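Asks: First, the structure itself, so that you have it in front of you.
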Amino acid sequence: MLTAEQKNYLKDLFPGDEAIFSPASMLAYATDASRILAMPDAVVRPRSLEQLAKLMAWAQEHGVPIHPRGRGTGVVGASLAQGGGVVVSSLFMNEILEINSKDFLARAQPGVVNADLQAELAKHRLFYPPDPASAAISSIGGNVSTNAGGMRAVKYGVTRDYVLGLTAVLPGGKILHTGGRCHKDVIGLDLTSLFVGSAGALGVIAEITLKLIPLPPASASILAVYDNLEQALDAVDRGLSIGALPVTLELMSRNTLLALERAGEVPWPCGAQAALLVKLDGSEPAVEHDLEKMHAALAPAALLRTGRGREETDLWEVRRLINPAAYKIAPDKLSNDVAVPRSKLKEAIEGFEAIGREMRLNVLCFGHVGDGNVHANILHDASNVDERRRALKARRRILDTTLSLEGTISGEHGTGISKHGFIGLQLCEDQRRIMADIKAVFDPTGIMTPGKEPF
Ligand SMILES: Cc1cc2nc3c(=O)[nH]c(=O)nc-3n(C[C@H](O)[C@H](O)[C@H](O)COP(=O)(O)OP(=O)(O)OC[C@H]3O[C@@H](n4cnc5c(N)ncnc54)[C@H](O)[C@@H]3O)c2cc1C
């Protein structure tokens, strides 16, 4: 709880609509895509670095917890003020500060929406590849803080591979600049990378310098439909061996296809058992050459359909509808974004589906199989006590199965509130203590995101 004096301080520092205190107005900031509810004591929406520095000096002095927030699309509650505190929204820090086609970099404030940056860069024929499926609604600051992956990670890697430097405001108000404008830099320890994926635990990121590459001039995608999961997974192996990496290689299992079939029109015959969506890019001749090889690798399939231009966009639109389609099957979902070594994919997905059958629950397996990242979402009705109990048990079994296959309990979403309790399954005490010691260097009094540290 903030005192009246503390609220007055925030009102002075954040005039007008920059500070919010009423529960009704803060409701939008009290939840995220996890659907967990945690009401903050205040929400502030800074416009400048100076405001942020004063806020962070004040917060440390008063022991007020700070919870940075982008657009609240995180699915594990990482931006929520569990236990109270101040949510620091990047909503008003949303300017693209520089696009430099000679240095191949962009500088952006954290609140810039990923898709807006992509669209602006395309005008300069430049490309920032990381594209979480939430690109149209998530912020660059959130993407950096979660080290967001996405569809294109197979060929282009994840957010961490594109962050050259950043400016962060630390508890106490110190402004820290890390990295720079160089695409190569080996001086000192890599503080930039430490912030990437730190889920707001070290400080508030106020500016980011991103590496860019030339925009590939051409692309094409293939939808391949199979009579069973095994055929589809065999095709994944062949698709990754054509001598050129696809941009994207996504799998949709039977339950996922069924959910999409129930939600609307789909580009495959009803009853299909598994499908792959594969995207290729590059120069026109390179795409044509790779398409031919990829077609051969994906055969024999029950259906092979190639999309270019509008048709390609439509194919991917179906993939983006999985999340809303899932909620038409059941009101609640436990999301798991586990990752396993590629060689263990078949064992993992068959294991998750078997867990679903045993627990009498609909488990949707889909996702970025090209890099071993599988979404295994457990659909259920949380108001049914027995079903909720079975869903929680199924989640634990999915995580255990993943770890037994040398996998990770999160490939991209992080742990936030909902998965914090499982971190100990993967990280040992020594690892966690070293990580806590590192955090203490940045945040000695522990005001950043208490209880949601990603370790
Ligand atoms: C439909 C859907 C599809 C998705 N697909 C993907 C996907 O393909 N790949 C993927 O990786 N994720 C995906 N996500 C999850 C989510 O979109 C990502 O984690 C995204 O990066 C979060 O961005 P955000 O702006 O919403 O951040 P928020 O959810 O607001 O915050 C996420 C984390 O970042 C921290 N943070 C935010 N801004 C700052 C800042 N300025 N300084 C310090 N810390 C900060 C927060 O404290 C929190 O820990 C998906 C989510 C949805 C709803």
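Please treat every number below as a calculation from the coordinates, not as lab data. Owing to the predicted nature of the structure, the values given are computational and were not obtained by experimental measurement. Cβ placement follows ideal geometry from the backbone for every residue including glycine, while neighbour counts extend to all protein chains displayed.
Asks: L55 versus (1) aliphatic (A, V, I, L, M); (2) away from the ligand (no atom under 16 Å from the Cβ); (3) in contact with a strand residue (DSSP E or B) (Cβ under 9 Å, 6 or more places away or on another chain): which is the lone unmet condition?
Replies: Going through (1) aliphatic (A, V, I, L, M); (2) away from the ligand (no atom under 16 Å from the Cβ); (3) in contact with a strand residue (DSSP E or B) (Cβ under 9 Å, 6 or more places away or on another chain) one by one, L55 breaks only (2).
Asks: A further question follows. What are the pairs with Cβ atoms under 6 angstrom where one residue, in region 295-310, is surrounded by 13 or more Cβ atoms within 10 Å (Cβ to Cβ) and the other, located anywhere, is acidic (D, E)? Sequence gap at least six, or different chains.
Replies: Pairs found: A302/D227.
Asks: Determine, yes or no, whether G77 is farther than 24 Å from K419 by Cβ and within 11 Å of the ligand (Cβ to nearest atom).
Replies: So G77 fails the test.
Asks: Cβ-Cβ under 7 Å, sequence separation 6+ or interchain: first residue in region 437-451 and under 17 Å from W58 (Cβ atoms), partner in a loop (DSSP other than H, G, I, E, B) and more than 15 Å from the ligand (Cβ to nearest atom). Which pairs?
Replies: Short answer, once both residue conditions are applied: T445/G63; I447/G63; I447/V64.
Asks: Mind checking which residues of region 157-175 are within 14 Å of the ligand (Cβ to nearest atom) and either assigned to a strand (DSSP E or B) or over 11 Å from S145 (Cα atoms) (or both)? Reasoning before the result, please.
Replies: Step one: of region 157-175, the residues within 14 Å of the ligand (Cβ to nearest atom) are 157-163, 166-171, 175.
Residues satisfying the conditions are G157, V158, D161, Y162, V163, L166, T167, A168, V169, L170, P171, I175.
Asks: From N377, N373, N323, N336, grab the single residue that is closer than 14 Å to G407 by Cβ and touching a Lys or Arg at 6+ places or on another chain (Cβ under 9 Å). Quick ask: steps written out before the conclusion?
Replies: Numbers: N377 fails: closer than 14 Å to G407 by Cβ; N373 fails: touching a Lys or Arg at 6+ places or on another chain (Cβ under 9 Å); N323 fails: closer than 14 Å to G407 by Cβ.
The unique qualifying residue is N336.
Asks: So which residues in region 193-215 are surrounded by fewer than 18 Cβ atoms within 10 Å (Cβ to Cβ) and away from the ligand (no atom under 16 Å from the Cβ)?
Replies: Residues satisfying the conditions are I213, P214, L215.
Asks: Same structure again: Taking the residues in region 16-52 that are β-branched (V, I, T) and in contact with a Phe, Trp or Tyr (Cβ under 9 Å, 6 or more places away or on another chain) as candidates, determine which candidate is farthest from the ligand (Cβ to nearest atom).
Replies: Going through region 16-52, the residues β-branched (V, I, T) turn out to be 20, 31, 36, 43-44.
Checking the rest, the ones that are also in contact with a Phe, Trp or Tyr (Cβ under 9 Å, 6 or more places away or on another chain) come to 20, 43-44.
Details: I20: 16, V43: 12, V44: 12 Å.
The qualifying residue farthest from the ligand (Cβ to nearest atom) is I20.
Asks: Please go through region 383-408 and give me each residue that is free of Cβ contacts under 8 Å to residues at least 60 places away in the same chain and closer than 17 Å to L364 by Cα, ordered by number.
Replies: Taking region 383-408 as the starting set, the residues that turn out to be free of Cβ contacts under 8 Å to residues at least 60 places away in the same chain are 383-393, 396-397, 400-401, 403-404.
Correct list: E387, R388, R390, A391, L392, K393, R396, R397, T401.
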